[in-house]
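Novice: One structure follows; several queries about it will come next.
The values are calculated or read from the model by the stated rules, or taken from the named source; none is laboratory data. As the structure is a prediction and not an experimental result, all values here were calculated from the model. Cβ coordinates were reconstructed from backbone atoms using ideal geometry, including for glycine residues, and neighbour counts include every protein chain displayed.
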Amino acid sequence: MTGLMRSRRGALLFFGLAALIPLVVRDAYFLDSLVLILLWGALSAAWNVAGGYAGQVSIGHASFFGIGAYSAALMVTRFGKGPWLGMLVGVVLSIGAGFIIGFLSNRLKGPYFALSTIAFSQVLLIGVSRWRGFTSGGEGIPVPFRPGFATLGLGHVGWVYMALAMALVCFAVQVYLERSRIGYQLAGVREDEDAAEALGIATRRLKVAAITLSAALTSIGGSLWAQYVGFVDPTYVFSVDLSVRFALNTIIGGMGTALGPFLGSILITSLETYLRATFAGVKAGFTGIYLIIYGTALILVVRFVPEGLAGITTRLRRAHA
Amino acid sequence: MSAAAPILELSGVTKRFGGLTAVSDVSFTVPAGELLGIIGPNGAGKTTLFNVISGYYRPEAGRIVFAGRDVTGLAPHEICRLGLTRTFQLVKPFGNLSVIDNVMIGALTRLPTVSSARLEAERVVEACGLASHAGSHARALPIGLRKRLEVARALATRPRLILLDEVMAGLNPTELGGMIELIRRLHADGLTVIVIEHIMAAMMRLARRIVVLHHGEAIAAGAPAEITQDRRVVDAYLGEEFVLAQA
Amino acid sequence: MDPTARLGPAQIGVLVPLAVATILLGGIYALISVGLTLIFGIMRVVNFAHGEFLMLGMYLAFWTFFAFNADPYFIVLVAIPLFFVVGLVVYGLVMRGVIHASHNVQIFTTVGLSTVLQNVALVAWSGDFRFVRPWHLSTVVRAGATTFNLTQVVASLIAVTLTLALVAFMKWTHAGRVMRATAQDRDAATLMGIDTDRVYRLTFAIGIAAVGAAGVLVAPLYSVYPTAGLQFVLISYVVVVLGGLGDMLGAMLGSLIVAAVEVGGSYLFGAAWKEIFYFLLFILVLVFRPAGLFGQRGAETLGV
């Protein structure tokens, strides 16, 4: 129980700071980093719902991110409607996609599940790249900036609170999964599906539900990201790298812990921001160097600290207790 | 219903894997409240039979009726909710969860809230002699306790019939005695129990009636004393390390 | 009755080149996939970085062609030992520590490796598309009414030869038998005194040598860039899943099926959409043959 209180104290500190910073700091560069930390943290938390809590480790979550990003962008540019409606459409489409992926991949485990999720994101990548008439294909879509809440044209401070709201929603969903009946049953599914079935848990339905919920949250994050960054293109929003990013933040922070994805995001996003500033002058160098470090971090963390940062702190506390 | 009303009826149950018939035309009836043993040499189809009864395999032929309801082809979780659950020979604990959480997940099948399930789990953990390990990670338990956890978790689903798959294998004599006592107690409390065991000696001490499987067929059924006299049973066990003399 | 007898000359005129194209492409896919399936079959690891070794093979072909005007088909002879050593090194540095780890650890280790290799290539050689144009690319070979360039034909012949050599190695050599024994039962192999670590090291090195050689072979046929491996590795996933993960002959058959789908799909619907067909095929396999082709060890291991 004290462990639970302590982890909540960490969350209070993190989210509290995020809420207070914009009142004090006005530096655009710093606030931009904060928005990205919160947004990537929220998206990783959304991944964690399926990957960490339900054990459905996907490397195709960019599918839902891309659906959300494109729905919001296309709603604005093709239909002249607001991004909120696009976000809603994205959620509906992602629920559909999540349901299909979850249903079709239901019996698959481990690497097979990962392969099938990659395949789905590739189908979307190819589809969106080829359907030029509607999606502008590989060129991507610039999303116009129109000031106002209805058009999600916010300033940096506004975006911090928007990203914070998203982060809090994802955090709350995770906390619910730690405490509720369905959360415990999902943990059973994650640990051993056969045993969970024998105990009366409808494992398949539960897995599909977890993937669908995770997909819906990821899609909302994608819609917000599209409005924040102002540009979507298929090779980024449907990329395997992006899917890995959600997983990486969560793994570094601690899979199946509510604060883990945010801890991972603080670390990885800050690293990215720092490297971007440092290697800004190097041609093609920045993304490359950043990704080399991130890939290496992934290899080292899964091998040496598989329980992540959240796990280390628990371990240290146990050692002191 | 009389005490002898059947809780489980198998008729002509057959399960094939490709060309191999793992369970062949098996029929038997289990009256409510019985403690039935199923024995047979390695590869006789005992575990496959459990997998068919509990819904993990769909049989190619035959019918399984549990408490008057045809459960053939239902999913394991549906069968569990009707009151029939099982343990696994190779135990499948939720390794990263505590013992109490393992059992609580079983209890949640009948109980709507986490708090009520936790109370129930505490009761079951106590009854199964796991109270002093309630907070340990399941994967940290020694095999004897893991077998107990397997039983405790199944009991938390409040079954009317429980299938125990070799819960005594690999236990030391003390643990074995404890497990036999636990099974007897559950049986005395009115639970119907079907036990699979490879080792006949343990079974002889426990079961009132035994079904013998050999090459997927039920070749004999009866009281332990009758079984040991059966020619086919003796033949089936010839060359096995555990000879009937041990019984 | 000969089934082709009822077809008119026009149909045969189409079918023959399509069949030849399928065989040529299938041969190359077989070599790409055989290493993946070998590594999975013996080590039980899906190598998500498989495509990146192919990409490195393509760059080897490019740079040797660029610097020395070396023909890629001689470079194959260099690539095999070179990538064998690369495989040994990567095994020692990365794979060895996770061979007994959980699926998740293995997945993210190879995914991380894939990210690292792609971006090392990006930083070292930029994201530009490069091309290898040896003389035989413009030499024409006729099959019926259609033509193929000599490069395609030779690449496929070499690929098939190497694949068959690998199958023969697995079947008839002592090392191959030891590797297959380990694939069947790790624990039993250990009990029999087999040094499984050596087996895994050899397996990984052979798998990487095969895909590296394949990279050299395909370099003249496709453009060379840091993420070039992705399209091929996705194909090889489909191939090995179709053929049954771990099954080398299955992978060869799977290669022909995927090649047929690609060739047929391109012919009927245009080349732009051909990738869609792999994935539809992949999804169909998932839906209809998950037990047979995917989780062959699913329910069967339940209580054994």
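Novice: Would you confirm whether any residue within the range A:111-130 is buried (at least 20 other Cβ atoms within 10 Å of the Cβ) and part of a loop (DSSP other than H, G, I, E, B)?
Specialist: The answer is no, given that none of the residues of the range A:111-130 is buried (at least 20 other Cβ atoms within 10 Å of the Cβ) and part of a loop (DSSP other than H, G, I, E, B).
Every residue, every condition in (1) at pLDDT 95 or above; (2) among the polar types (S, T, N, Q); (3) farther than 15 Å from A:Val189 by Cα; (4) part of a loop (DSSP other than H, G, I, E, B), yes or no:
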{"site": "B:Arg58", "(1), (2), (3), (4)": "no, no, yes, yes"}
{"site": "B:Val65", "(1), (2), (3), (4)": "yes, no, yes, no"}
{"site": "B:Arg81", "(1), (2), (3), (4)": "yes, no, yes, no"}
{"site": "B:Gln89", "(1), (2), (3), (4)": "no, yes, yes, yes"}
{"site": "B:Asn96", "(1), (2), (3), (4)": "no, yes, no, yes"}
{"site": "B:Val103", "(1), (2), (3), (4)": "yes, no, no, no"}
{"site": "B:Glu122", "(1), (2), (3), (4)": "yes, no, yes, no"}
{"site": "B:Gly129", "(1), (2), (3), (4)": "no, no, yes, yes"}
{"site": "B:Arg153", "(1), (2), (3), (4)": "yes, no, no, no"}
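Novice: Let me ask another. Could you pull out the residue among A:Phe134, A:Phe171 that is crowded, with 19+ Cβ neighbours inside 10 Å, at pLDDT 85 or above and part of a helix (DSSP H, G or I)?
Specialist: Matching residue, one of A:Phe134, A:Phe171: A:Phe171.
Novice: Taking the range B:105-114 as the search range and keeping residues that are assigned to a loop (DSSP other than H, G, I, E, B) and in contact (Cβ under 8 Å) with a residue 40 or more places away in the chain, which one is surrounded by the most Cβ atoms within 10 Å (Cβ to Cβ)? Even if it seems obvious, please write down each step before you answer.
Specialist: Start the filter on the range B:105-114 by keeping residues that are assigned to a loop (DSSP other than H, G, I, E, B), which leaves B:108-113.
From the residues that got through so far, the ones that are in contact (Cβ under 8 Å) with a residue 40 or more places away in the chain too are B:109-110.
Values: B:Thr109: 21, B:Arg110: 16.
This residue is B:Thr109.
Novice: Given the options C:Gly246, C:Gly207, C:Gly212, name the one that is within 14 Å of chain A (Cβ to nearest Cβ), surrounded by 19 or more Cβ atoms within 10 Å (Cβ to Cβ) and more than 16 Å from C:Val160 (Cβ to Cβ). Break it down into steps so the answer makes sense when it comes.
Specialist: Details: C:Gly207 fails: within 14 Å of chain A (Cβ to nearest Cβ); C:Gly212 fails: within 14 Å of chain A (Cβ to nearest Cβ).
Being within 14 Å of chain A (Cβ to nearest Cβ), surrounded by 19 or more Cβ atoms within 10 Å (Cβ to Cβ) and more than 16 Å from C:Val160 (Cβ to Cβ) holds for just one of C:Gly246, C:Gly207, C:Gly212, which is C:Gly246.
Novice: Next up: Within the range A:154-187, how many residues turn out to be more than 17 Å from the chain's Cα centre (by Cα), without any contact (Cβ under 8 Å) to a residue 12 or more places away in the chain and farther than 30 Å from A:Leu199 by Cβ?
Specialist: Count: 3.
Novice: Exactly one condition in (1) polar (S, T, N, Q); (2) closer than 22 Å to A:Pro306 by Cβ; (3) at the interface with another protein chain (Cβ under 7 Å from one of its Cβ atoms); (4) in contact with a helix residue (DSSP H, G or I) (Cβ under 6 Å, 6 or more places away or on another chain) is not met by C:Asn104; state its number.
Specialist: (4)
Novice: Taking the range C:222-247 only, how many residues are farther than 29 Å from C:Asn119 by Cα, in a helix (DSSP H, G or I) and out of contact with any Lys or Arg (no Cβ under 9 Å at 6 or more places or on another chain)?
Specialist: 1
Novice: Taking the range C:154-168 on its own, how many of its residues are in contact (Cβ under 8 Å) with a residue 24 or more places away in the chain and surrounded by fewer than 22 Cβ atoms within 10 Å (Cβ to Cβ)?
Specialist: Qualifying residue count for the region: 7.
Novice: Output the number of residues of the range A:102-152 satisfying the condition of being more than 14 Å from every other protein chain (Cβ to nearest Cβ) and within 30 Å of C:Gly246 (Cβ to Cβ).
Specialist: Restricting attention to the range A:102-152, the residues satisfying the condition of being more than 14 Å from every other protein chain (Cβ to nearest Cβ) are A:134-136, A:139-152.
Keeping just the survivors that are within 30 Å of C:Gly246 (Cβ to Cβ) gives none.
Going through the range A:102-152 one residue at a time, the tally reaches 0.
Novice: For the range B:179-238, please list each of the helices (runs of 4 or more DSSP H) lying entirely inside it that holds at least 2 residues being within 24 Å of B:Arg160 (Cα to Cα) and modelled with pLDDT under 85.
Specialist: Correct list: B:200-206.
Novice: Could you check the range B:90-100 and list, in sequence order, the residues that are over 29 Å from B:His198 (Cβ atoms) and facing another protein chain (nearest Cβ under 7 Å)?
Specialist: B:Asn96, B:Leu97
Novice: Quick one: which residue in C:Gly112, C:Gly97, C:Gly176, C:Gly127 is on the phi < 0 side of the Ramachandran plot, of a type outside the set (A, V, I, L, M) and touching a residue at least 40 places away in the same chain (Cβ under 8 Å)?
Specialist: Matching residue, one of C:Gly112, C:Gly97, C:Gly176, C:Gly127: C:Gly127.
Novice: Could you pull out the residue among A:Leu309, A:Leu298 that is modelled with pLDDT of 80 or more, facing chain C (nearest Cβ under 7 Å) and assigned to a helix (DSSP H, G or I)?
Specialist: After ruling out the rest, the residue left standing is A:Leu298.
Novice: Sticking with this one: Those residues that are within 13 Å of chain A (Cβ to nearest Cβ) and of a type in the set (Val, Ile, Thr), I need them from the range B:120-139; list them, please.
Specialist: Hit for the range B:120-139 is B:Val124, nothing else.
Novice: I'd like to know if the range B:60-68 contains one or more residues that are within 8 Å of chain A (Cβ to nearest Cβ) and buried (at least 18 other Cβ atoms within 10 Å of the Cβ).
Specialist: Within the range B:60-68 (the criterion being within 8 Å of chain A (Cβ to nearest Cβ) and buried (at least 18 other Cβ atoms within 10 Å of the Cβ)), the answer is no, since none of the residues qualifies.
Novice: Here are A:Ala187, A:Ala202, A:Ala215, A:Ala195: which of them is among the hydrophobic types (A, V, I, L, M, F, W, C) and in contact with a Phe, Trp or Tyr (Cβ under 6 Å, 6 or more places away or on another chain)?
Specialist: Matching residue, one of A:Ala187, A:Ala202, A:Ala215, A:Ala195: A:Ala215.
Novice: Identify the single condition in (1) more than 7 Å from chain A (Cβ to nearest Cβ); (2) in a loop (DSSP other than H, G, I, E, B); (3) hydrophobic (A, V, I, L, M, F, W, C); (4) more than 26 Å from B:Ile39 (Cα to Cα) that B:Ala117 does not satisfy, given that it satisfies every other one.
Specialist: Of the numbered conditions (1) more than 7 Å from chain A (Cβ to nearest Cβ); (2) in a loop (DSSP other than H, G, I, E, B); (3) hydrophobic (A, V, I, L, M, F, W, C); (4) more than 26 Å from B:Ile39 (Cα to Cα), the odd one out for B:Ala117 is (2).
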